[in-house]
Amino acid sequence: SVKLPDTVVALGESAFSNCYLTRLTLSNNLKEIPVNCFSRNFIKSLKLPQSIKAIRHGAFDENLLSKITFNKGLEIIEGDAFDSLSFAKLPSSVKEIAKDFYYDSECQKPEGQVSYIEVAKANPYFEASNGNLYRKGSDELYLEVQFCCRTKHYLDIPKKVIPANTQPKSVILKWNPSFS
């Protein structure tokens, strides 16, 4: 476990990546969680301090977090910041959020578990409906939570295994040196 004292004001990229952490207490003076800072650990719960303004790419990827209520004051959540979330509550302060802020690597949840997003009503940029994320004031579906495994139609994929073509294939590639 790691308990960062309030004297810690910044962390480096991948600082605690792959450290077998199960518990984490963050400094109340951190402004952001850097790229891959706590990736590949075993963190199950997380309380983000009010000081956090940004969660960078992959910050908590490959952890055991399933539910999170983000802190008031958080403004930015980048891609792959989390893995396999089943619930996320966004505060009114969030301005930017990657469409892939969490990534369900399994594409399957335990029976009865469905991903769900809530957004504070005062958020001027986003709103939630039926657990999905929309741009406020438009019908633009920003994030459909059941498809957070990067394939929009994985539910339509047949469940049977289709054998690969065993015949060798030739492929001709033409290179254009004018492109770099």
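The values are calculated or read from the model by the stated rules, or taken from the named source; none is laboratory data. Everything numeric in this text was worked out from a predicted model, so none of it was measured. Cβ sites come from the backbone with ideal geometry, for glycine too, and all protein chains shown count toward neighbours. For the accessible areas, the whole protein counts, side chains as well, though only heavy atoms, and no ligand, DNA or RNA atoms are used. Shrake-Rupley method; radii C 1.70, N 1.55, O 1.52, S 1.80 Å.
Things to note:
- The criterion of at least 1 residues that are of a type in the set (Val, Ile, Thr) and modelled with pLDDT of 90 or more is met, among strands (runs of 3 or more DSSP E) falling completely within region 55-157, by 116-119.
- Within region 18-70, being open to solvent by less than 30 Å² (accessible area, probe 1.4 Å), under 16 Å from residue 1 (Cβ atoms) and of a type in the set (Ser, Thr, Tyr) holds for one residue alone: 27.
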